[in-house]
Amino acid sequence: MAYLHLDKEGRVQAIKGDKEFFGLEDLKTGQLVTGQLNVLEGMLPLNDQKLYIPNVAISPELYADLHIIATASEDWILFLDTTREAKKLQLIQQQRNEMLLLKDKLNDLKGKKPWQ
């Protein structure tokens, strides 16, 4: 887990937790987070709202749930590792897609159209 503390302009005030694991170690305090962390581009500011985004690809091998919490005076972004769950979901989706392709191929061999 890691989290960012931002001011209302989106400048990084603090980086806490396992920042190396999430690739946050190079973020510079006092600078805008959106210029440093592309995954947040277009999401800020939230204007006193909350936002939950599951299974965000932080890197090709790392996924995280993002919890963005905005208050009147500051914003917080929480990173929770979901790599294991995201990989399982990818595998299930891939297997489903392969099964659908096999079903279509079987229907073609039988001379049927898949929508019949």
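The values are calculated or read from the model by the stated rules, or taken from the named source; none is laboratory data. Keep in mind the model is a prediction, meaning the values are calculated, not measured. In this analysis, Cβ positions are derived from the backbone assuming ideal geometry, glycine residues included, and neighbour counts consider all displayed protein chains.
Figures for the structure shown
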quantity: Test: residue in the stretch 14-22 that is exposed (fewer than 15 other Cβ atoms within 10 Å of the Cβ), charged (D, E, K, R), on the phi < 0 side of the Ramachandran plot and part of a strand (DSSP E or B); calculated: yes
quantity: For Glu98: the one exception among (1) assigned by TED's automatic domain parsing to the domain that holds Gln13; (2) farther than 18 Å from Gly10 by Cα; (3) acidic (Asp, Glu); calculated: (1)
quantity: Residues of the stretch 88-116 satisfying the condition of being over 30 Å from Ala64 (Cβ atoms) and either modelled with pLDDT of 90 or more or part of a helix (DSSP H, G or I) (or both); calculated: Leu101, Leu102, Lys103, Asp104, Lys105, Leu106, Asn107, Asp108, Leu109, Lys110
quantity: Candidate set from the stretch 30-58 (those that are surrounded by fewer than 13 Cβ atoms within 10 Å (Cβ to Cβ) and either modelled with pLDDT of 90 or more or outside the structural domain of Asp75 (by TED's automatic domain parsing) (or both)); member that is nearest to the chain's Cα centre (by Cα); calculated: Ala57
